[in-house]
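Peer 1: Here you go, one structure.
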Amino acid sequence: MKLYEIAHSRAGDKGNVSTLSLIPFQETDYELLKNKVTVDLVKKHFGNIIKGEIVRYEMPNISSLLFVCQEALDTGVTTSLRMDTHGKALSYKLLEMEI
């Protein structure tokens with residue numbers, strides 16, 4: 001199944017860092033996401049788009065995961081030559097991941 005079938009995502013940015021939240025539509029799916037959506041799987045899914053470290057934070061009080069992705073925006077919003085300098089499309093890329 002693809003993540004978009006059971007969750008939604010939001011993206012944020014600060015410099016060359018992208019933050020990607022993963023929020024299940026149903027709270028009962030939080031455990032599934034926590035067990036299946038690992039840092040290694042996310043790193044593999046994004047390939048060379050995210051060049052730095054990825055750290056996953058679990059937020060059980062709001063049934064969400066947060067991925068902080070270093071070196072994800074090709075130098076940062078003001079200097080990047082990418083079409084999507086803020087990295088908003090990265091949240092949609094995450095939701096395309098198969099678990």
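Each reported figure results from applying straightforward, stated rules to the coordinates on display, with no laboratory input. All values derive from a computational prediction rather than experimental measurement. Using ideal geometry, Cβ is built from the backbone for each residue, glycine included, and neighbour counts are taken over all protein chains shown.
Peer 1: Report the FRET efficiency, 1/(1 + (r/R0)^6), for residue 77 and residue 38, where r is their Cβ-Cβ distance and R0 is 30 Å, rounded to 0.05. Don't jump to the answer; show the numbers that get you there.
Peer 2: Numbers: r = 28 Å, r/R0 = 0.93.
Computed FRET efficiency for residue 77 and residue 38 comes out at 0.60.
Peer 1: Along the charge dipole of the chain, which of 17, 65, 78 sits closest to the positive end, that is, farthest toward it, with unit charges on the beta carbon of Lys, Arg, Asp and Glu (+1, +1, -1, -1)?
Peer 2: 78
Peer 1: Identify which of the listed values of Rg and Dmax of the Cα atoms in Å was calculated from the structure shown: (i) 12.9, 41; (ii) 14.4, 45; (iii) 11.9, 32.
Peer 2: The listed entry that was calculated here is (i).
Peer 1: Related question: Rank these for me by crowding, 97, 1, going from fewest to most other beta carbons within 10 Å.
Peer 2: Details: 97 19, 1 10.
By the 10 Å Cβ count, ascending, the order reads 1, 97.
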